[in-house]
Amino acid sequence: MKAVLDLIIGDPHADRAVPPTGLTARLTVFAACVMAFLAVIALALSLSAGRVADRWADDLAQSATLRLPADPAQADALLLSALEVLQTTPGVASARALSPQEQQALLEPWFGPDLPLDTLPIPQLVEVIADDTGYDAAGLRARLSGQVPGAVLDDHSNWREPLLAAASRVRLIGWCVILLIGAVVAAMITLAAQASLNANAQVIRVLRLVGARDVYIARAFVRRFTLRAGLGAVGGVILGLLALQLIPQDEDVGGLLTNIGFQGAGWLWPLVIPPLSAIVAFVATRAAAFARLKEQT
Amino acid sequence: MIELDKVSYGYGGTALFSQLSLSLAPGSFHFLTGPSGAGKTTLLRLCYADLLAMGGQVRLFGQDAAQLDRDAVALARRRIGVVHQDCQFLDHLSVAENIALPLTVANRANEAAGNLEELLTWVGLGPQAGQLPPELSGGERQRAALARAVIMSPDVIIADEPTGNVDWDMAQRLLTLLVELNKMGKAVLIATHDMNMIRSLKSDVQASVLRLKDGQLTQAGAAL
């Protein structure tokens, strides 16, 4: 903690030993700002993808739909048989036949509100809710094929799994992007620090002549670049959060694009970016400074 | 304090000198003379570990210079005041800040105030204290370099042509400063071409005059 405070407060004498370099300073701040902005966006995408994936998993993992053949003569018998099978299947918490109104509501987006449902051979749908342990879908299908011919059990796995896999990949890519951004920040800070060290070779010679230790010389450069990277990242985070506010949000839609942003404890993540940026700059500049000072022995 | 024991050095495969020995004991005063290119500046740089000997051994305060790490060299240099021929400064700092730099890097900046004012007055740079080094004349730069070299009251003072660009009166004033420090037990080594300067100090200090020529270091005092 003391080392962090020393780094922030600094030694005004040591700081003055190295002349301010305007262009390097501005470029470092700008680069850190841009990278932090991109990191916020990547972080928001990654966290949002995670949330959407979790929601889909929660919503769909425990529900399934049983579709019975559209045979008006056998409809009631098929429904009774199906409910009996379902109610005696371990792992099924409840099974309920959808009412005509509910089925009409499901078809309404395609056929409009005036569809004469009773005149059409509409298959009866049964909502199946699994308990926490879940049921054996393959076993249930086998039993249904024997006792309710023509019944089709849709446990949503056909389309849920690819969506979950895609959301998971988006989340992974988001974290990879954040790692790459960190690496780019380190590379840019290293280059800027090396340029600054080269430009100040004469300063280093004089400081050594009067007995300055490497750590004293390095500290002036390290502190400068660490603070620049930290300050630039603060600006980038603020701009990133403002940019996220420009994206329309709609929780009800439930899609990825309308849910990009931070929620709950996720808001803490952007706050981590400036200190992380400063730490990356600290490590990169320190390594560059000591390597350069060793070369210049 | 600084000992060169059978030291050799050269550039581009050509030996500048070899088997050269020299001891800077506390309270000693040495002048180093010799023709241009004889290796005077090289010899001085060996004395403060700016160069490492190719053969033999340089000992700084009892330690083999070749074995010292960079931090140890830095600490040794705090005990050695150096005046370069080309007087390098930090051009963005004022003259006063440059002179106080050895104290600053040793975290003793709070000791600078009193010493600095006295020293600036002694070397005649009081009015220029706030100026930047590029604004100084050659002579003023030499005086500032000497002030910077002695502000820490080092054990050894090594100066390369410290009075080359100053007038006779100022040269005498600067040399008086070195003599006074020598009387306090500091070792002084001055490389110079100026035989008049050496003669002028004969009555004030017990100095040894060394001559570096053709790779050999000889005592020249008897010839003066």
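The values are calculated or read from the model by the stated rules, or taken from the named source; none is laboratory data. On a predicted model such as this, the values are computed, not experimentally measured, just so you know. Don't worry about glycine lacking a Cβ; one is built from the backbone with ideal geometry, like all the others, and counts go over all protein chains shown. Surface areas here come from the heavy atoms of the whole protein model, side chains and all, with no ligands, DNA or RNA. Shrake-Rupley method; radii C 1.70, N 1.55, O 1.52, S 1.80 Å.
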Can you find even one residue in the stretch B:49-68 that is of a type in the set (Phe, Trp, Tyr) and surrounded by fewer than 17 Cβ atoms within 10 Å (Cβ to Cβ)?
-> yes
Quick one: would you say residue B:70 is in contact (Cβ under 8 Å) with a residue 12 or more places away in the chain and basic (Lys, Arg)?
-> no
Is there any pair linking a residue in the stretch B:150-170 that is away from chain A (no Cβ under 13 Å) to one that is among the small types (Gly, Ala, Ser) and part of a loop (DSSP other than H, G, I, E, B), with Cβ under 9 Å and at least six apart or on different chains, and which?
-> B:165/B:137; B:170/B:124
Of the residues in the stretch B:103-138 that are within 11 Å of chain A (Cβ to nearest Cβ) and more than 15 Å from residue A:16 (Cβ to Cβ), the one that is most open to solvent (accessible area, probe 1.4 Å) is B:110
Where residues in the stretch A:17-46 are at pLDDT 90 or above and open to solvent by 40 Å² or more (accessible area, probe 1.4 Å), which of them is farthest from residue A:282 (Cα to Cα)?
-> A:41
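Give the number of residues within the stretch B:31-48 that are of a type outside the set (Gly, Ala, Ser), assigned to a loop (DSSP other than H, G, I, E, B) and crowded, with 16+ Cβ neighbours inside 10 Å.
Within the stretch B:31-48, residues that are of a type outside the set (Gly, Ala, Ser), assigned to a loop (DSSP other than H, G, I, E, B) and crowded, with 16+ Cβ neighbours inside 10 Å number 1.
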Where residues in the stretch B:80-96 are more than 7 Å from every other protein chain (Cβ to nearest Cβ) and more than 15 Å from the chain's Cα centre (by Cα), which of them is surrounded by the fewest Cβ atoms within 10 Å (Cβ to Cβ)?
-> B:91
Which of the residues that make up the stretch B:141-170 are over 19 Å from residue B:102 (Cβ atoms) and of a type outside the set (Ser, Thr, Tyr)?
-> B:161, B:164, B:165, B:166, B:167, B:168, B:169, B:170
Might you let me know whether the stretch A:114-122 holds any residue that is assigned by TED's automatic domain parsing to the domain that holds residue A:286, surrounded by 12 or more Cβ atoms within 10 Å (Cβ to Cβ) and more than 37 Å from the chain's Cα centre (by Cα)?
-> no
Among the residues of the stretch A:135-150, the number that are open to solvent by 60 Å² or more (accessible area, probe 1.4 Å), in contact (Cβ under 8 Å) with a residue 24 or more places away in the chain and of a type in the set (Gly, Ala, Ser) is 0
Determine, yes or no, whether residue B:17 is in contact with a helix residue (DSSP H, G or I) (Cβ under 8 Å, 6 or more places away or on another chain), assigned by TED's automatic domain parsing to the domain that holds residue B:206 and buried (at least 20 other Cβ atoms within 10 Å of the Cβ).
-> yes
